[in-house]
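First up is the structure itself, then whatever we jot down about it.
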């Protein structure tokens, strides 16, 4: 190595490699192996070489020389290398956690395994309490009756902490089936200790009801008291 020149850079110094320092000495040096793919990136020239000569800054000539001859070319090289690495790397693109679960999410498929007798007052068909320091997103809903003829007589309501979910209060028609729940127009998002319930009552003959809501629960990295978006930073 002592008798070679690499890309116009002379050799010299005690190591025999001149100004080609290893990454541990000079992280800005571009002749070290990049971890991703063991890539070695060559030096690049300016796309448009600067033709102007900046006027000297009085009293700062030495600093200006260091910046223009060392700092500026290194910054240019860093941007050039970043462009190449971005083309060679793999990047994951996903929807927000309340729309698409991260790998750390746990399934929350809440379903009534046996029919629940429905009376004249609201009866809880299914319920779920979000664990503390977690958030949940429920994305679909399905329900059924043991007596099909009673559709239209049974009145359904979905609540969160006792409050009806908008457009899911006192509805009578079927919204989805147990085997294939219908997606909500927007997922129902819950923070730690929130309670979601599906209630039913009947204005007709006796019947048993079934319900299912499917989603997932995420252990939150940052939990805020008001349940803002930061709750959706996963571990």
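Quick look at the numbers
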item	result
Separation between Cα centres of region 89-152 and region 194-220, rounded to whole Å	8 Å
Rg to Rh quotient for region 72-138, alpha carbon positions, Kirkwood Rh	1.39
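Values in this text are rule-based calculations from the coordinates and carry no lab data. All figures in this text were calculated on a predicted structure; none of them were measured in a lab.
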